[in-house]
Amino acid sequence: MRYSVLITGCSSGIGLEAAKMLQERNFLVVASCRKQEDVERLKAEGIEHVVQLDLADSASIAQGLKDTLEITQGSLYALFNNGAYGQPGAVEDLPVAVLKEQFESNFFGSHELTCLVLKLMHEQGYGRVVNNSSVLGLVAAPFRGAYNASKFALEGLTDTMRLELMDSPIKVSLIEPGPIESKFRPNALAALKKNIDVKNSRHQAGYEEAIERLSKEGPVSSQTLPASAVVKKLIHALESPRPRARYYVTLPTYGAGMMRRLLPTCLLDWVMAKQGA
């Protein structure tokens, strides 16, 4: 059987690398992007099957899955929920509408798509769901409240879903990357400038530091890994007869997981507060 997989958020970074590497491994890959222009670009770059799917739009989710199933002839082995972005900002500076927008893309859209896919997987009697979380789904960091909240929610929902599916042949895994080479920082910078009133915030100095950091070219950490490091864990989650519940990627994620288990909350807060804006 040729394994089919739908991947969200493939315009760049982890999603694009996953589409390329899995296609090379003879998966029947259906990559999805929010914008039609990115759909056409990926096709020109050699991704055979690309569909438009906007996680913030229910109609687009339904149509994207319909288009996917036409390609895969009605079955789907796996779903990789990768689509997401990071909205910076102190919690007190986040308009409710902005927080809702973060959750629409990072949480609600993936949940809606997953529920549709699970119905199919129950009918066909097999399937795998892999959700791409973050080190910030393990620990909180200042000025990342919206992103933290969306990834904490994704982790809780995924853990619950894994328990509920233990009596089924459907496997569920989480991937938790730390710093990865991608367009995450440029996208976060655009979201910060668009949605946060920097000049009228008591955190103005912190935002200015964040803007400087997010504006830098190339990796900002020596621990940054290429997107392929995430895909290697994804391949194990898709191909192993006993996929893991969690896959850490990058040393910062291993460190965060260890600190969360070992440190008292007050000490963990002290360490994470040092991360700045």
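General observations
- Additional length obtainable on full extension of the chain from ALA62 to GLN36, 0.36 nm per residue less Cα span: 7.8 nm
- Virtual spin-label span in nm between GLU217 and ASP197, 7 Å along Cα→Cβ: 3.6
- Taking Cα atoms only, the orientation of helix 184-195 departs from the longest principal axis of the chain by about 60 degrees.
- The coefficient of translational diffusion for the stretch 130-175, derived via Stokes-Einstein from the alpha carbon Kirkwood radius under 4 °C and 1.567 mPa s, stands at 116 µm²/s.
- For LEU263 and ASP159, the FRET efficiency from 1/(1 + (r/R0)^6), where r spans their Cβ atoms and R0 equals 25 Å, is about 0.70.
- Applied to the stretch 27-41, the Karplus parametrisation 6.51 cos²θ - 1.76 cosθ + 1.60 on θ = phi - 60° returns per-residue 3J(HN,Hα) values of 6, 7, 8, 10, 8, 10, 9, 6, 9, 5, 4, 6, 4, 5, 5 Hz, with x for Gly and Pro.
- Close amide H partners of SER201, meaning residues 5 or more places away or on another chain with modelled amide H under 5 Å apart, do not exist here.
- Across the stretch 4-273, Cα pairs under 8 Å and at least six residues apart give a relative contact order of 19 percent.
- Length gained on full extension, GLU208 to VAL91, computed as 0.36 nm times the residue gap minus the Cα-Cα distance: 40.5 nm.
- Per the Kirkwood formula applied to alpha carbons, the stretch 1-73 shows a radius of gyration over Rh ratio, Rg over Rh, of 0.94.
- Surrounding net charge for GLU37, when Lys and Arg each add one and Asp and Glu each subtract one, Cβ distance under 14 Å: 0
- Under 24 Å from LYS20, Cα to Cα: lysines that are on another chain or at least 8 residues apart: LYS35, LYS43, LYS66, LYS171, LYS183, LYS232, LYS233
Readers should treat all values here as calculations from the given coordinates under stated rules, not as data from a laboratory. Just so it is clear, the model here is predicted, and its values are computed rather than measured. We place every Cβ from the backbone using ideal geometry, glycine too, and count neighbours over all the protein chains shown.
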